[in-house]
Amino acid sequence: VQLQASGGGMVQPGGSLRLSCTASGRTFSNYNMGWFRQAPGKEREFVAHTSRTGSSTDYADSVAGRFTISRDNAENTVYLQLNSLRPEDTAIYYCAARARLGLSSRSDGYDYWGQGTLVTVSS
């Protein structure tokens, strides 16, 4: 499956963005989906994931209550709504697809990756 992420940009602290990741090539609903991020000089970290139907989601503690993951299987797209953004949220955000059963917060638990979209939070 090919993944294309979009929606990044520059926003002031407290602002919002919505990231999108559109899949092609395989049946999207067969994949659990995740979002990860990598800040400059840091390792890639888990942000959120959602199950094949979207009925199950989970978040990193650092974003819980501020970010929301959702998916539209008819549109082959997974979203990440980012609210109350902080400077420490600045990173490249990656979407990823997991073909295996169950959810994972580990980057090595995912089989396919998008190219990333940059989010910059700055005044």
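The values are calculated or read from the model by the stated rules, or taken from the named source; none is laboratory data. Source: prediction; values computed, not measured. Counting neighbours? That spans all protein chains shown, and the Cβs are built from the backbone with ideal geometry, glycine included. Areas reflect the complete protein model, heavy atoms only, side chains present, ligands, DNA and RNA absent. Shrake-Rupley method; radii C 1.70, N 1.55, O 1.52, S 1.80 Å.
Annotations for the structure displayed:
- The residues of the chain expose on average 50 square angstrom of accessible surface per residue, using a 1.4 Å probe on protein heavy atoms.
- Cα→Cβ-extended label distance, 7 Å offset, between Q2 and A74, nm: 2.5 nm
- Hydrodynamic analysis of the chain uses the Kirkwood radius over alpha carbon pairs. Inserted into Stokes-Einstein at 20 °C and 1.002 mPa s, it gives a translational diffusion coefficient of 152 µm²/s.
- Accessible area of the chain belonging to carbon and sulfur atoms, whole % at 1.4 Å probe: 44 percent
- Percentage relative contact order, the chain, counting C-alpha pairs under 8 Å, at least six apart: 36 percent
- In this structure R26 has an accessible area near 140 Å², from a 1.4 Å probe over the protein heavy atoms.
- Mean Cβ neighbour count within 10 Å, used as a protection proxy, ranking 76-82, 43-49, 109-115, 99-105 highest first: 76-82, 43-49, 109-115, 99-105
- Taking a Cβ cut-off of under 13 Å around N73, the surrounding Lys, Arg, Asp and Glu residues balance to a net charge of +1, with basic ones at +1 and acidic ones at -1.
- For region 12-65, the fraction of C-alpha pairs more than 15 angstrom apart is 62%.
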